[in-house]
Structure formats: structure tokens, C-alpha cells
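Derivation of every value follows stated rules applied to the coordinates shown; laboratory data play no part. None of the values given here were measured: they were computed from a predicted structure. As a convention, Cβ positions derive from the backbone with ideal geometry for all residues, glycine included, and neighbour counts pool all protein chains shown.
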Protein chains: 2
Amino acid sequence: MVSSTDENGLGTRSASVKDVAAAAGVSLGTVSNVLNRPERVSAGTRTRVEQAMADLGFVRNESARQLRAGRSSTLAYLMLDATNPFFTDVAQGIEETAEAGRLSVFICNSAHRPEREAAYLNRLEQQRVQGILITPVDPDAAALDELPRRGTPIVIVDRIRSTNTHCSVAVDDVLGGRLAAEHLLEMGHTRIAFLGGPNSLGQVRDRREGVLQALDIAGLAPEALTNVVTAALTVAEGKNAGERIAGLPAANRPTAAVCANDLLALGLLQQCVGLGLRIPEDLAIVGYDDIDFAAAAAVPLTSVRQPRLQLGRTATELLLDEVSNPDHEHQQILFTPELVVRTSTRRS
Amino acid sequence: MVSSTDENGLGTRSASVKDVAAAAGVSLGTVSNVLNRPERVSAGTRTRVEQAMADLGFVRNESARQLRAGRSSTLAYLMLDATNPFFTDVAQGIEETAEAGRLSVFICNSAHRPEREAAYLNRLEQQRVQGILITPVDPDAAALDELPRRGTPIVIVDRIRSTNTHCSVAVDDVLGGRLAAEHLLEMGHTRIAFLGGPNSLGQVRDRREGVLQALDIAGLAPEALTNVVTAALTVAEGKNAGERIAGLPAANRPTAAVCANDLLALGLLQQCVGLGLRIPEDLAIVGYDDIDFAAAAAVPLTSVRQPRLQLGRTATELLLDEVSNPDHEHQQILFTPELVVRTSTRRS
DNA sequence: TCTCCGGATTGAAAGGTTTCAAGTAGTGCG
DNA sequence: CGCACTACTTGAAACCTTTCAATCCGGAGA
């Protein structure tokens with residue numbers, strides 16, 4: 001008696017090549033040939049085997065396959081923050097490119113938590129993925145050296161690392177900060193704020209550095225910059241900062257703000273509008289990342305655009321090269337950001 | 001001579017339990033015990049084995065482990081659209097719950113493409129994941145029945161399916177549409193538009209249906225509804241629709257719009273503001289999903305909130321139950337949405 | 001009729017882990 | 001001194017697939 005959910009008559013166990021071979025009346029090697037080198041099998045045998053597979057509901061066991069064949073056909077992207085559209089766009093670029101190379105991508109999310117990142121790295125290494133793309137919580141963590149040393153290539157995305165054990169792709173954050181500040185200086189602002197934090201983030205430091213460079217070039221003292229350190233790069237933190245800034249007396253309130261990312265900028269924008277400030281008349285705002293929502297904001301947001309898709313694509317290409325090309329050499333690629341000017345800084 | 005990248009002296013091959021056993025001077029079974037039942041191994045032996053593992057850079061081969069042990073310890077979420085914050089929030093709920101159950105989650109993105117969805121389902125089944133959470137491109141696709149029949153449980157997220165071969169969790173979209181429309185009717189609107197499409201999406205149909213119900217209850221004819229069919233639920237499509245609506249003569253332009261999701265609403269909002277319409281005075285707007293950006297929009301958006309994290313959590317709980325509980329019974333859980341009123345509908 | 005050839009098929013080995021029955025040594029007790 | 005235990009450790013089998021050398025077979029050529 002066979003239960004209704006048991007379509008192959010093997011009980012709970014799922015059909016193996018051996019079962020298929022028995023059902024089709026061929027040897028196990030032939031079944032494998034049908035799967036891997038169908039051209040070597042005569043047409044008649046092939047259809048018989050395929051029929052048997054369909055009848056039994058055969059599903060190839062990837063573990064066994066990988067074990068024997070050595071290779072897997074997946075990459076992973078271990079992303080820093082799945083709720084930030086910047087990273088989902090990067091992921092899209094990765095998927096596109098991987099798909100073209102006939103690989104699947106597993107996306108994992110560390111959510112800024114080092115222990116989750118470590119757990120995923122571990123699991124992915126055990127899984128013997130072909131390689132890992134990662135935007136690390138801490139780009140200087142020692143763990144990032146170990147995997148390549150043991151044979152799993154890693155490409156670092158949107159971060160820079162001093163050691164040359166990996167390829168990496170990133171965008172010039174210092175330049176981005178400078179572009180933002182130069183634009184504001186051109187518009188005549190001299191009291192500028194920089195929002196971003198925590199300071200442990202290299203990106204935040206670099207972007208601030210860029211702003212300072214621009215001030216320096218314009219002959220302004222570093223003290224001209226109001227530095228607002230936030231606890232994270234989120235909309236909520238942007239609102240907090242907005243409250244602080246709007247609360248300042250107009251006389252020494254900055255007239256413009258550069259934000260370390262768009263989420264911060266959107267929060268700032270919303271809070272300031274809510275508190276009655278006019279954007280850009282009372283406060284000009286520049287964001288960073290140019291996520292899709294930046295253009296759709298209350299006041300369309302001027303922002304520093306990063307080539308997000310391109311970042312993902314290039315990172316994946318580097319990884320594919322490292323996997324397949326024995327002469328691969330690690331490269332650090334730096335993209336150039338671009339300022340997109342919208343209403344939030346455009347004096348009417 | 002050992003090359004600099006070869007830390008274990010085994011050439012390119014990575015160390016296996018056998019190598020560890022040899023290095024530690026114990027049998028292979030003991031190494032396995034250290035890994036799986038450390039309490040059975042004497043302290044001295046254990047440290048010796050652990051030392052050998054560290055020396056050789058041993059990494060457990062998950063394929064072999066799975067092959068022998070039968071079970072894997074991963075779930076997958078096959079999401080419909082990684083760039084829509086709604087789904088990333090659902091994913092977060094899933095990850096939380098899975099983590100508590102000591103499972104990892106692989107996130108895959110079908111990006112609305114059926115062939116990608118099919119490819120991932122295939123791969124995940126071959127991978128023998130414990131189970132799959134999915135927001136399917138087409139909830140009625142026959143393929144969704146096959147996997148559970150062959151032993152991989154599936155839970156459907158944010159969609160409803162007629163057959164009872166799966167658990168599913170969803171939110172009452174008809175009710176959501178009704179809440180949105182009732183609110184607008186209360187505010188005195190009688191010329192209402194519904195934006196959404198394509199019509200192949202059950203959600204769009206249900207939400208529109210809810211709007212129609214509300215009109216009906218209020219004694220309005222279905223013709224009172226201006227039905228704007230969009231090609232997708234994106235910001236860009238919302239802008240398109242905005243252009244169309246703003247172009248209508250004020251006399252028969254709708255005074256309020258219900259959008260099938262927030263992306264659409266944000267696009268509509270932005271375009272209308274750009275074309276000089278005042279929100280909500282000239283056009284009141286209700287979105288759907290209440291993504292974080294809804295509150296941060298130009299005019300904070302009234303929206304129908306869905307319990308996103310809860311959706312993910314509950315779906316995962318159902319899956320975990322199905323995996324571990326032999327008496328599991330499939331359930332269809334329907335959550336209730338909630339209207340969040342903000343400025344975009346609040347008459348000043 | 002015999003040999004040779006090539007395509008089709010076969011059978012066995014290998015890959016790294018887990019499991020489990022069986023083995024060993026050491027301890028306490030009578 | 002021997003026995004029964006306990007605490008560890010061992011070795012071999014099993015999981016499922018892929019690979020590859022070996023075999024088989026029918027037909028072409030001599």
C-alpha cells in the first residue's frame with residue numbers, strides 16, 4: 001500500500017540515480033551520462049531514462065554532486081544592510097552578471113552585525129561556494145584574510161582594504177564629499193554642516209574628509225564645518241539630527257548640510273520641513289547614494305550618485321576572473337561619483 | 001617546498017577529517033565526535049584534535065555532511081522583488097525567526113521573472129534546503145505543488161492560493177482597499193481614482209475590489225471610480241500616472257487617489273507636486289504598504305500598513321512547524337491591515 | 001569468416017562525512 | 001584476582017553522484 005503523498009513508491013526517501021537506473025533498466029552510469037553528457041547516450045535509451053526520472057520524481061542531489069564533482073555553481077553576496085536600497089541595487093548588478101556566467105547567487109544579510117557576518121562566512125565556506133562578494137561590517141577584520149588563504153576567493157564591495165589579498169571595488173568617497181561641498185560653496189554657502197556617523201565607518205570619515213578638503217581649497221577654516229555625528233545612517237537618525245539643527249538660532253545655524261547618505265538626508269529633510277524650515281532657502285541639503293527615493297522626496301534631493309549596478313557588475317567580474325583565471329591578479333578598482341543637482345540645493 | 005598560499009601542506013586540496021585524524025594521531029571517528037558530540041571525547045584528545053584542525057585550516061565539507069546526515073540547516077526565501085522595501089522587511093522577519101531556530105536563510109530574488117523563479121526553485125530543491133518561503137510570481141503556478149509533493153515544504157508569503165498543499169500567510173487586501181476608500185469618503189471625496197496594475201496581480205484586483213465595496217456601501221456607482229491601470233508597481237509608473245491625472249481638466253479630475261502600493265503613490269505624489277498640484281487640497285493620496293519612505297515623502301503619505309515583519313515571522317514559524325512536527329496541518333493565515341493617516345489626505 | 005572500429009553501455013572506485021556496533025583500557029568492588 | 005562497569009576510541013559501512021577504464025556489440029572492410 002502506497003500512501004497518497006508517496007509518488008515513487010520508495011517511502012519517504014527520494015529517488016536516486018540508482019532507482020532511476022533500475023526503473024529504466026540501464027546501469028547507473030548511463031543515468032549519469034543522461035544528466036551530464038546526453039550526447040553520448042542513444043536517443044532511445046535517453047528517452048527511457050528521462051521517462052523514468054519523471055515517473056519517480058527524481059531530483060538530483062546537489063550535495064552528492066558537489067562532493068564528487070568538487071565544484072559548486074553558486075556565489076554569495078553577503079550584504080551589509082538589506083533594507084538600504086543602495087545595497088539591493090548593488091545586489092542586482094551582481095545577480096545580472098552572475099546569471100550571465102551561469103551561476104546562482106545566494107544573498108545573505110549581516111544587518112551590520114559582526115557575529116552574523118562571521119556565521120554566514122563560515123557557512124558559505126563550508127558550503128564550498130565558488131566565491132564570496134561581501135560588504136563587510138569591518139573591512140579590516142582579520143577573518144577576511146583567512147578565507148582566501150584557505151581557498152575561497154573574496155571580493156570586497158564598496159569598501160577599501162589595505163591588504164592586497166582580495167580584489168575590491170569601491171567609489172571615491174573623498175571625491176564625493178568634495179563634490180558635494182564644492183557645489184554648496186558655489187551656491188554661496190559658508191556655514192555648512194556634515195551629518196554622519198558613527199565615526200568608525202570609513203565611508204563617513206572619507207566623505208567628511210572630502211568636505212573639509214573643499215573648505216580648505218575655498219580658504220575656509222575647518223571650524224566653519226558643523227560636525228553632527230549620528231549613531232547610524234538611517235532615516236530615524238536623520239530626523240534626530242534635524243531636530244538638533246532646526247533648534248539652533250538662525251544666526252549660527254548652518255545654511256547647508258552634507259549628509260553621509262540619503263537615508264539620513266531624507267530624515268533630515270522631513271524633520272526640517274515639519275519644523276517649518278524651507279528647503280533650500282533656510283537649509284540646503286545634499287544626500288549621498290542617489291537612491292531612487294531621493295528623487296521622489298518632498299523636495300527632490302541633490303545627491304552624490306554612485307554607480308551602484310556597475311559596482312556589483314565589476315565586483316562579480318573580478319570574482320569570476322579570480323575563479324577561472326589562473327593568472328588572476330588582485331585589483332582595487334575605484335569608481336568616480338557624480339553630483340546630481342535637484343531642488344534641495346537649488347536657490348529659487 | 002610549500003608555496004606561501006598553501007598552509008596545510010596538502011597542495012590545493014583542503015584538509016579533510018582524515019587529514020585531521022592523521023595529524024592528531026586519532027581515528028577519523030574521533031574527529032567526527034569532536035565535531036558532533038564533543039562531550040563524548042576526553043578533554044585531552046579534544047584539544048589535540050582542535051589544535052590539528054586549526055593547524056590544517058580544516059573546514060567541514062557541508063556537501064559531504066549533508067549527503068550523509070540527510071538534513072541541511074538552511075531555509076530559503078525566494079523573494080519577488082529585492083528592490084521593494086516591503087519585501088526586504090518581510091525578509092527581516094524571516095531571518096529573525098530562522099536565526100532563533102538555528103537555521104540560516106538564503107535569500108534569492110526572482111525579480112518578477114518566472115524563469116528565474118523556476119531556476120531557483122530547482123536549485124534549492126536540489127540543494128535539499130529544509131524548506132522554502134516564497135512570494136511567487138504566479139501563485140497559481142503548478143510547479144508550486146510539485147516540490148511539497150516531492151518532500152520540500154513550501155510556505156507562500158503575501159499571496160493566497162486555492163489548493164491546500166501549502167501553508168500561507170497574507171494580508172486581507174480587500175479590507176485594505178476598503179479602509180483606504182472609506183477614509184477618503186469620510187473626508188468628503190466622491191471622485192476617486194484607483195491606480196494599480198497590471199491586472200494579472202491578484203493583489204491589485206483585491207485592493208481595487210475593496211475600494212469598489214466601499215463605494216458601494218456609500219451608495220456610489222462603480223463608475224464613480226477612475227480606474228488607472230499601470231504597467232507595474234514602481235515609482236516610474238506612478239509618475240506616468242501622475243502626468244495623466246494632472247493633465248485632466250480640474251472639473252472632472254478625481255480629488256483623491258488610492259494607489260496599489262507606496263512606490264506608485266510616491267511617484268504620483270512627486271509628479272503632481274512638480275506639476276503644481278497641491279497635496280492634499282487638489283489631490284488626496286493614499287498609498288499601500290507603509291514602507292519607511294512613505295512617512296519621509298514630500299508630503300507624508302497616508303498608507304495602508306501591513307504587518308510586514310509579522311508576515312515573515314509567522315511564515316517562518318509555519319515552515320518550522322511543518323519541518324519538525326509530524327502532525328502539522330496546513331494553515332492559511334490572513335492578517336488585518338491598518339490605515340495610517342498622514343498629511344497626504346488630511347485637509348488643512 | 002575474421003578483424004577492427006566506433007559508439008553505447010557498464011561496473012567499480014572515489015569523494016568527505018556521519019553513524020553505530022564493536023573494541024580497548026581503566027576503575028571500583030567484591 | 002577477577003568481574004562488571006564506565007569512558008573512550010575505533011573501523012567499516014553508508015549516503016549519492018561522477019568519472020573513467022573496460023566491455024560489449026553491430027557493422028564495415030579485408
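Percent of alpha carbon pairs in the stretch A:99-222 separated by more than 27 Å?
Summing the P(r) of the stretch A:99-222 above 27 Å gives 35 percent of all pairs.
Could you tell me which of A:162, A:314, A:69 has its Cα farthest along the dipole of chain A towards the positive end, charges placed at Cβ (Lys, Arg +1; Asp, Glu -1), taken about the Cα centre?
The residue sitting most towards the positive pole is A:69.
Given only helices, namely DSSP H runs of n ≥ 4 each adding -39500 (n - 2.57), what is the per-residue ellipticity at 222 nm of chain B, to the nearest 500 deg cm²/dmol?
Computed mean residue ellipticity for chain B: -13500 deg cm²/dmol.
Need the list of aspartates and glutamates near residue A:18 for cross-linking: C-alpha distance under 17 angstrom, and skip anything on the same chain fewer than eight residues off.
A:7, A:50, A:55, A:62
With each pseudo-label sitting 7 Å past Cα toward Cβ, what's the residue B:323-residue A:138 distance in nm, one decimal?
Going from the residue B:323 label point to the residue A:138 one covers 3.0 nm.
For residue B:281, what charge total do you get from the other residues with a beta carbon under 11 Å from its beta carbon, if Lys and Arg give +1 and Asp and Glu give -1? Intermediate results must be reported in sequence, preceding the final value.
Details: positive: B:278, B:346, B:347; negative: B:282.
It works out to a net charge of +2.
If you average 1/r across every pair of different Cα atoms in the stretch A:52-94 and take the reciprocal, what Kirkwood value do you get, in Å?
For the stretch A:52-94, the Kirkwood estimate is 13.6 Å.
What does the average come to when, for each residue of peptide A:61-74, you count the partner chain Cβ atoms lying within 10 Å of its Cβ?
5
Give the shape of the protein assembly as shown as rounded, prolate or oblate, defined through the alpha-carbon gyration tensor: a ≥ b ≥ c are the square roots of its eigenvalues, a/c under 1.5 means rounded, and otherwise the shape is prolate if a/b is larger than b/c and oblate if not.
Working: a/c = 2.35, a/b = 1.32, b/c = 1.78.
Since a/c reaches 1.5 but b/c is at least a/b, the shape of the protein assembly as shown is classed as oblate.
Springs between alpha-carbon atoms under 10 Å, Gaussian network over chain A: tell me which of A:227, A:36, A:84 tops the mean-square fluctuations.
So, out of A:227, A:36, A:84, the one fluctuating most is A:36.
If each label sits 7 angstrom from Cα along the C-beta direction, how far apart, in nm, is residue A:187 from its counterparts in the other copies?
Nearest to farthest, the other copies are at 3.0 nm.
For a quick check: with amide H placed at 1.01 Å from N, whose amide H comes under 5 Å from residue B:155's, ignoring anything fewer than 5 positions away on the same chain?
Residues meeting the amide H criterion: B:132, B:133, B:134.
Which order results if A:166, A:183, A:328 are arranged by neighbouring Cβ count within 10 Å, fewest first?
Working: A:166 23, A:183 20, A:328 15.
Neighbour counts put them in this order, fewest first: A:328, A:183, A:166.
Starting from the Cα gyration tensor of the stretch B:157-249, take the square roots of the eigenvalues, sort them a ≥ b ≥ c, and report rounded, prolate or oblate (rounded when a/c is under 1.5, otherwise prolate if a/b is larger than b/c, else oblate).
oblate
In chain A, with Lys and Arg counted as +1 and Asp and Glu as -1 at Cβ, which of these residues, A:286, A:198, A:103, has the Cα nearest the positive end of the dipole, that is, farthest along it?
It is A:103.
Roughly how tilted is helix B:262-274, in degrees to the nearest 10 and between 0 and 90, from the longest Cα axis of chain B?
Tilt of helix B:262-274: around 50 degrees.
Taking a ≥ b ≥ c as the square roots of the eigenvalues of the Cα gyration tensor of the stretch B:186-306, is the shape rounded (a/c under 1.5), prolate (a/b larger than b/c) or oblate?
Taking the square roots of the gyration eigenvalues as a ≥ b ≥ c, the stretch B:186-306 is rounded.
Roughly how many debye, to the nearest 20, is the charge dipole of the protein assembly as shown about its Cα centre, given +1 on each Lys and Arg Cβ, -1 on each Asp and Glu Cβ, and no other charges?
880 debye
What are the equivalent ellipsoid semi-axes of the stretch B:259-313, built from the alpha-carbon gyration tensor (square roots of five times its eigenvalues), in whole angstrom, biggest first? Could the numbers behind the result be given before it?
On the way: eigenvalues 112, 16, 14 Å².
Semi-axis lengths for the stretch B:259-313 are 24, 9, 8 Å.
Around residue A:253, what is the net charge, scoring Lys/Arg as +1 and Asp/Glu as -1 over all other residues with Cβ under 12 Å from its Cβ?
Once all neighbours under 12 Å are counted, the net charge is +1.
Using alpha carbons only, how many angstrom separate the centre of the stretch A:145-216 from the centre of the stretch B:271-301?
33 Å
Could you list which residues have their amide H under 5 Å from that of residue A:285, counting only those 5 or more apart in sequence or on another chain, with H placed in the peptide plane?
Correct list: A:257, A:345.
Using the 10 angstrom Cβ neighbour count as an exposure proxy, how do B:163, B:343 rank, fewest first?
B:163, B:343
Counting Lys and Arg as +1 and Asp and Glu as -1, what is the net charge of the other residues whose Cβ lies under 13 Å from the Cβ of residue A:139?
Local charge sum for residue A:139: -4.
Can you tell me the orientation of helix B:308-324 relative to chain B, as the angle in degrees between its alpha-carbon axis and the longest Cα principal axis, to the nearest 10?
The angle comes out at about 40 degrees.
Mind checking which chain A residue has its Cβ closest to the axis relating A to B, and how many whole Å off it is?
Nearest to the symmetry axis by Cβ: A:298, 2.
Counting partner chain Cβ atoms within 10 Å of every residue's Cβ in A:97-107, what's the average?
That average works out to 3.
Summarise the partner chain shielding of B:119-129 as one whole number: the mean count of Cβ atoms from other chains within 10 Å of each residue's Cβ.
Taking all residues of B:119-129 together, the mean is 4.
Specify the angular offset, from 0 to 90 degrees and rounded to the nearest 10, of the alpha carbon long axis of helix A:202-217 from the longest principal axis of the alpha carbons in chain A.
Helix A:202-217 sits at roughly 30 degrees to that axis.
Taking a label point 7 Å from Cα toward Cβ, how far is residue A:229 from its twins in the other copies, in nm, shortest first?
So the distances to the same position in the other copies read 5.7 nm.
Just to confirm the filter: which trypsin sites (Lys or Arg not before Pro) across the stretch B:239-323 are DSSP coil and have at most 11 other Cβ within 10 angstrom of their Cβ?
Here the sparse-neighbourhood loop sites are B:278.
So how compact is chain B: Cα radius of gyration and Dmax in angstrom?
26.7, 90
What is the packing order of peptides B:212-221, A:228-237, A:256-265, taking the mean over residues of other C-beta atoms within 10 Å and listing the highest first? Write down the numbers at each step before the final one.
Values: B:212-221: 15.3, A:228-237: 19.6, A:256-265: 30.0.
The peptides rank, most packed first, as A:256-265, A:228-237, B:212-221.
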